[in-house]
């Protein structure tokens, strides 16, 4: 599934737009633009809303809740909700949501 999401998102960070690179984090010399997947709705929130662990795992793996982001953005956001993170970092929330909507409209 990870590779399908990489292809769907064309290896571009959904939050800052840079081109990400797929690399082994143990051997990569510059991780700032390393390709990662981020949960749009944080895993913490997903687990809180799930009926049980099985349901939480289904929610956690939903490709409509995953987007490619660079390591810098992912490390900065962590488990912060997207809207809050955008406000804290002066990101354009509306533009990011529009980009995410465009991406998840593409079948995985």
Assertion target for 81, 99, ordered by fewest C-beta neighbours within 10 angstrom first, is 81, 99
With the 8 Å Cα cutoff and a minimum separation of six or more residues, segment 2-104 has a relative contact order in percent of 33 percent
Note on segment 1-62: alpha-carbon gyration tensor, axes a ≥ b ≥ c; rule is a/c under 1.5 for rounded, else prolate if a/b larger than b/c, else oblate; result prolate
Cβ density ranking, 10 Å radius, fewest first, applied to 67, 58 yields 58, 67
Shape call for segment 61-107, from the Cα gyration tensor axes a ≥ b ≥ c (a/c under 1.5 means rounded, otherwise prolate when a/b beats b/c, else oblate), comes out oblate
For Rg and Dmax of the Cα atoms in Å the list reads [x] 22.0, 79; [y] 16.8, 58; [z] 13.7, 41; the calculated value is entry [z]
Out of 34, 98, 14, a Gaussian network model of the chain with alpha-carbon springs under 10 Å gives the largest mean-square fluctuation to 98
Note: residue 52 to residue 101 extended length (0.36 nm per residue) minus current alpha-carbon separation gives 14.9 nm
Among 28, 16, 86, the residue with the largest mean-square fluctuation in a Gaussian network model of the chain built from Cα contacts under 10 Å is 28
Inter-part gap, Cα centre of segment 88-108 to Cα centre of segment 15-67, in whole angstrom, is 14 Å
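All of the numbers you see were taken from the coordinates with simple rules; none came from a lab. Since the model is a prediction, treat every value here as computed from it, not as a measurement. So basically every Cβ, Gly included, is an ideal-geometry build from the backbone, and we count neighbours across all protein chains shown.
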